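See below for the structure under consideration.
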Amino acid sequence: MTKIHFIVPYPELEEKVNRIFNNHPQSGHLQKTVSVITSERFSDLSSNALDCDVVIARGYAAEQLKQAGIQAPVVELPITGYDVIHCLYNCVQRFHPKKIALVGPFGRSCGHMDLSSIFGCEIRVFTPKNFEGIDEALESAIEHGCDMVLGIYSVHLRAIQYRIPSVVVELSDNAILDAIDTALRTVKLVAHEREKSELHKALIQSIKDGFLYVTPQRRISIANKTAEKIASPSSHPLVGRKVAEAFPFMKEDLSMALSGSDLPSQLYKLENGSAYLASFTPIQVSGETSGVMVTLQNVSTIQQNETQIRKKLGDKGLRARYQFPDIIHKSKAMDEVIHLAQKYAAVSSNVLIVGETGTGKELVAQSIHNASPRRDQPFVAVNCAALPENLLESELFGYVEGAFTGTMKGGKTGLFELANNGVLFLDEISEIPLGFQSKLLRVLQENEIRRVGDDRVISIDVRVIAATNRNLKEQVERGAFRRDLLFRLEILKLYIPPLRRRQEDIPLLFQHFIGQYNQQFGGCIRQISPEALSILEAFPFSGNIRELKNVAERLSVNCKGDSIIKEQQMREALYPRDVEVEPGKSFLLHSPESEQAHIQQALEECGYNQSQAAKLLGINRSTLWRKMQKYNLR
């Protein structure tokens, strides 16, 4: 129910307002009060009488209400040009005046009209600024020889005292109807703005950090409760105070922010020992700074939140980062690997990934997980070789409090539990001690684990992806690995070929790594010479992609500032100088020329069989291969 209070100057207008109001389409949802009060008696109106949502008043009464600063919005009953012209027409037809004075707030409605030419008599407009100016306007009208006055009801009453004929300008029905509609729109708009204001206040107060809004005069216009607590006790309340009084430590930085300068977050240490990180956000309106928002974050809270976030999102690598498109390649061999891995991703069977060190086994394992139905579940990775035998069981299965000396309060969740409904990636599975393999086998068979020191079992649903760079079948033959565990792990098997068997991937991977290190080190390498590329492709890369990445990083550092990698730079990166220890028949010579001649002779004697030539020279085959590359011996 909307409460509307009408203030009208005479009873006849009250009747008209009641009639129009009762016929209004929304009258059933409106509650009206009509008060007949002239401007002279306006001070008699008590504040209680204005307990409403909106006030509608006419002329100077509306102006006085606005100046009084009442809580309810004020809508003016407008005096339209039509109302003035209608009144003038009736006056001229009835009284035939020679000079008419229009006295009142008519400047907006008819001040621009040439009324004299319309009605054939002189018409002058007098617009008093307020109610007190009516007398002066009437005296001026008499002085100019006006013999008739038209105006609002207050003007009519004063004209009677001056003994000059006067007529009241009546309001039309449409003017009153428009005022009611405007009042309803105003109430709705005010309610909406009030709701927004309360929402903003609630939001600001709900911010756990300290919040201030500072005007260009360096006064605080908005402050939340947290900011009140941070400020010195003598500065309460903050709103209206100078920033320098409550927060003297930010005085200089605030001046910079008000000047429009970009200002990084500042760290402040208070006298009570607490520390706060302050950020300053200038608010620009029409290109000028209208104020600055300041937030104050407690440093200890930031540290606590960061710890919690890291624990929840990053602890033990519970998310897989890579997907199949991240596997950089163009070789057919890797196409076949990815195609097979994508098939494996569609099921939940255990997978054994085999391949030399550095071939990207974990990259493939993460890609399988992210393409599987378990993609939204944890991916827990563990390097079996990095866990001592006495910790392996407690890390994988967890333990209860008091299970052994040094346990955590409340116990600890094992990696199998953390990976529940997801994937547990067991890297270097060949390094699991033989005595523990039977326990792992039981978990894979029963899908149950039991924490160390506990007497109950916990059901789990975990897909195991294992990886190794060793031949597990050979390990089984030597008695170092359980055959039944191998059967459980290699339900699905995936072999990743070494880099030397997919040489077409080497340039593509190398360029990718160079691009990464260019960005990291600020380099500008864009090309590799054909000679350098040829040497790179011929290198055996016993460390596979990991070794290739190291070479790229080495070149990015050594060739920083160069745009192209040349042959000599590539040789130095692939064959860095080192101390050579070559037992047996030594051929360490004083000059490269003599060394090259001995290698050439040994190769010719062995029919270019590198294994036999290396044995003859007393060096290993990889050393021979590097020296052959060094001296360009084929």
I'd like the Kirkwood hydrodynamic radius of the stretch 81-170, using the inverse of the mean 1/r over distinct C-alpha pairs, in Å. 12.7 Å
Charge tally for neighbours of ILE207 with beta carbon under 15 Å away, counting Lys, Arg as +1 and Asp, Glu as -1, is +2
For a 21 Å ceiling on Cα separation, which of these pairs sit above it: LYS196/LYS225; LYS16/LYS98; LYS208/LYS269; LYS16/LYS99; LYS412/LYS439? LYS16/LYS98; LYS16/LYS99
Mean Cβ count within 10 Å, highest first, over the residues of peptides 245-257, 6-18: 6-18, 245-257
What is the log10 of I(q)/I(0) for the stretch 411-547, computed with the Debye formula using one identical point scatterer on each Cα and no solvent, at q = 0.15, 0.19, 0.22 Å⁻¹? -0.86, -1.08, -1.31
Ascending count of other beta-carbon atoms within 10 Å, so fewest first, for LYS201, LYS32: LYS201, LYS32
So for the chain, averaging the separation of alpha carbon pairs under 8 Å that are six or more residues apart and normalising by length, what relative contact order in percent results? 8 percent
Please get the size of the charge dipole for the stretch 318-497, origin at its Cα centre, with Cβ charges of +1 on Lys and Arg and -1 on Asp and Glu, quoted in debye to the nearest 20. 300 debye
What distance in nm lies between label points placed 7 Å from Cα along the C-beta direction at GLU170 and LEU391? 10.0 nm
tail above 21 Å in the computed P(r) of the stretch 318-497, as % of all Cα-Cα pairs, reads 49 percent
What would the Debye formula give as log10 I(q)/I(0) at q = 0.25 Å⁻¹ for the alpha-carbon point model of the stretch 213-301, no solvent? -1.40
Sort VAL557, VAL243 by Cβ crowding within 10 Å, fewest neighbours at the top. VAL557, VAL243
Charges at C-beta only: +1 for Lys and Arg, -1 for Asp and Glu. How large is the resulting dipole of the chain about its Cα centre, in Debye rounded to 20? 1680 debye
Give the residue list of GluC sites (Glu not before Pro) in the stretch 361-445 that are DSSP loop and have at most 14 other beta-carbon atoms within 10 angstrom. GLU401
Averaging over every viewing direction, what projected area does the convex hull of the Cα atoms of the stretch 248-289 cover, in nm²? 3.0 nm²
Indicate, rounded to the nearest 5 percent, the antiparallel portion of the DSSP beta bridges found entirely in the chain. 35 percent
Semi-axes of the equivalent ellipsoid of the stretch 451-508: what are they in whole Å, largest first, if each equals the square root of 5 times a C-alpha gyration tensor eigenvalue? 33, 18, 10
Just rank THR80, THR623, THR359, fewest to most, by other beta-carbon atoms within 10 angstrom. THR623, THR80, THR359
Among PRO576, GLY422, TYR82, flag the residue with its Cα farthest along the positive direction of the charge dipole of the chain, charges on Cβ as +1 for Lys/Arg and -1 for Asp/Glu. PRO576
Per the helix-only calculation at 222 nm, which mean residue ellipticity applies to the chain, given -39500 (n - 2.57) for every DSSP H run of n ≥ 4 and division by its residues, nearest 500 deg cm²/dmol? -13000 deg cm²/dmol
To one decimal place, what orientation-averaged projected area in nm² is obtained for the convex hull of the Cα set of the chain? 53.4 nm²
Quote to one decimal, in nm, the extra length available between ILE142 and LYS343 on full extension: 0.36 nm per residue of separation minus the C-alpha distance between them. 62.0 nm
Between their Cα atoms, which of LYS66/LYS188; LYS361/LYS473; LYS188/LYS229 are more than 30 Å away from each other? LYS188/LYS229
Can you tell me how much longer the chain between ASP455 and SER534 gets when fully stretched, taken as 0.36 nm per residue apart minus their C-alpha distance, in nm with one decimal? 22.2 nm
For the stretch 503-574, the Debye formula with one identical point scatterer on each Cα and no solvent gives log10 I(q)/I(0) at q = 0.18, 0.27, 0.28, 0.29 Å⁻¹ as -0.58, -1.41, -1.52, -1.62
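All of the numbers you see were taken from the coordinates with simple rules; none came from a lab. Remember, predicted model here, so these are calculated numbers, not experimental data. Reconstructed Cβ throughout: ideal geometry from the backbone, glycine too, with neighbour counts over all protein chains shown.
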